[in-house]
1. For the range 285-303, how many residues are touching a Pro at 6+ places or on another chain (Cβ under 9 Å), assigned to a strand (DSSP E or B) and open to solvent by 50 Å² or more (accessible area, probe 1.4 Å)?
2. Cβ-Cβ under 8 Å, sequence separation 6+ or interchain: first residue in the range 360-375 and at pLDDT below 90, partner polar (S, T, N, Q) and exposed (fewer than 10 other Cβ atoms within 10 Å of the Cβ). Which pairs?
3. Inspect all residues belonging to the range 304-312 and state whether any of them is within 14 Å of ASP253 (Cβ to Cβ) and either without any contact (Cβ under 8 Å) to a residue 12 or more places away in the chain or open to solvent by 20 Å² or more (accessible area, probe 1.4 Å) (or both).
4. How many of the residues making up the range 250-261 are modelled with pLDDT of 95 or more and of a type in the set (Ser, Thr, Tyr)?
5. Could you check, for the range 185-197, whether at least one of its residues is modelled with pLDDT of 90 or more and more than 22 Å from the chain's Cα centre (by Cα)?
6. Scan the range 256-284 for residues that are open to solvent by less than 10 Å² (accessible area, probe 1.4 Å) and hydrophobic (A, V, I, L, M, F, W, C) and jot them down.
7. Could you check the range 101-144 and list, in sequence order, the residues that are β-branched (Val, Ile, Thr) and either modelled with pLDDT of 85 or more or assigned to a loop (DSSP other than H, G, I, E, B) (or both)?
8. Could you tell me whether any residue of the range 375-383 is in a strand (DSSP E or B) and in contact with an Asp or Glu (Cβ under 9 Å, 6 or more places away or on another chain)?
Amino acid sequence: DIILSGTRVSLGKWDIALFWKDRWCGDFPLCEVFPDLFQVAVAPLILVSQKRSVEGSKQGVSAKKLKKDKVVGAIGKSVRSETSTVSIAPRVKPELALPTVPLDVEQSILEDLRNRVQLSSLALPSVSFYTFINTHNSLNCSAISHDGALVAGGFSDSSLKVWDMSMVGQQAASSNAQGESESTLHEHVLGSDERKRPYTLFQGHAGPVYSAAFSPQGDYILSSSSDSTIRLWSTKLNANLVCYKGHNYPVWDVQFSPFGYYFASSSHDRTARIWSMDRIQPLRVLAGHLSDVDCVRWHANCNYIATGSSDKTVRLWDVQTGECVRVFIGHRSMVLSLAMSSDGRFMASGDEDGTIMMWDLSTGRCVSPLVGHTSCVWTLAFRWIFLPHWD
């Protein structure tokens, strides 16, 4: 039986190493010694040696190796040169030609490096990217204040955590609310571990926190929960100020208006509601969706509110009257995210299938669908990018 194994072929008591074609071993060409083996192995053969005995001593092995080296040394110079060339020949080019960088590009890179600002608590970056690690699938939402100084996260353990970016990497100072009244301490958990925390912990909800939103000035933060309540927190006092009750089921989303004071919420009870900070009851109840209202967004002029629902539609509501003025139809799955352009002309909506649709608010028509995502679009944001124009 002939057994092919790696680059060697075992035939009875013979070991045959595969190498290059038309090589000679001793006084006989391998193709004449083993003609059948050429048809099986396909690759040419060069070296034939009798299988070493398992019971042979180390001296016998070394002597056999020495004899083998002499036989190889007796082969012509051409064979040795070709063999050595093949063994050291690289499979890829040792060097890859890289494109040269133009001089003006190098100068612009150096100029950019010279103009970079040393980041510190006094000089925060204009663009920031934050990553939550070790959340163990408990992070449900996140929010960043408009000045980028605070980052909030809502968790499944009913807690809301706020990080001060100026204190990241430093030992957090003691909270200035440690001397507050017992009612304040009941909402804002403080203790001996407070100094060790790199964040401020807000507790008060009785269920997972699904949404969080900062006020335009960053003084307040809203949170909504599965306990059907919305809570207003003070980032200055580190305490809960108001608990808004009105929804009958979990509140999926909450958003401040662009100018503050008013805010909107959406819930599993198929309604969206408009609130003010100084009233515990809603000012408007927006009813019309046939399923959960999953997301809500304010128009730039604060006169309209857009809501996305699991009924696959997006509705635009008049804040003054509470009536629906537009119904956007086109999604094939539940709408999970919304975004309004800063000029108030367009709206984007994302659904569970990964489709993003751009809408013209004046006509109510879809400008163009944006396809590319393969799963849920959980969040959207508009950013205007100004590109240079060459005539």
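1. Adding up the residues that qualify gives 0.
2. Here the result reads none, with nothing in the range 360-375 linked to a residue that is polar (S, T, N, Q) and exposed (fewer than 10 other Cβ atoms within 10 Å of the Cβ).
3. Keep residues of the range 304-312 that are within 14 Å of ASP253 (Cβ to Cβ), which gives 305-310.
If we keep only those that are either without any contact (Cβ under 8 Å) to a residue 12 or more places away in the chain or open to solvent by 20 Å² or more (accessible area, probe 1.4 Å) (or both) too, we end up with 310.
So far as the range 304-312 goes, yes, one or more of its residues are within 14 Å of ASP253 (Cβ to Cβ) and either without any contact (Cβ under 8 Å) to a residue 12 or more places away in the chain or open to solvent by 20 Å² or more (accessible area, probe 1.4 Å) (or both).
4. 0
5. So the first thing to find is which residues in the range 185-197 are modelled with pLDDT of 90 or more, and the list is none.
Among the residues of the range 185-197, not one is modelled with pLDDT of 90 or more and more than 22 Å from the chain's Cα centre (by Cα), which makes the answer no.
6. Residues satisfying the conditions are PHE263, ALA264, ALA272, ILE274, TRP275.
7. Kept after step one, since they are β-branched (Val, Ile, Thr), are these residues of the range 101-144: 101, 105, 109, 117, 127, 131, 133, 135, 144.
If the condition is that a residue be β-branched (Val, Ile, Thr) and either modelled with pLDDT of 85 or more or assigned to a loop (DSSP other than H, G, I, E, B) (or both), then VAL101, VAL117, VAL127, THR131, ILE133, THR135, ILE144 are the ones that fit.
8. Looking only at the range 375-383, we keep the residues that are in a strand (DSSP E or B), and these are none.
The answer is no, given that none of the residues of the range 375-383 is in a strand (DSSP E or B) and in contact with an Asp or Glu (Cβ under 9 Å, 6 or more places away or on another chain).
The values are calculated or read from the model by the stated rules, or taken from the named source; none is laboratory data. Remember, predicted model here, so these are calculated numbers, not experimental data. In this analysis, Cβ positions are derived from the backbone assuming ideal geometry, glycine residues included, and neighbour counts consider all displayed protein chains. Protein only, heavy atoms only, side chains kept; ligands, DNA and RNA dropped before computing areas. Shrake-Rupley method; radii C 1.70, N 1.55, O 1.52, S 1.80 Å.
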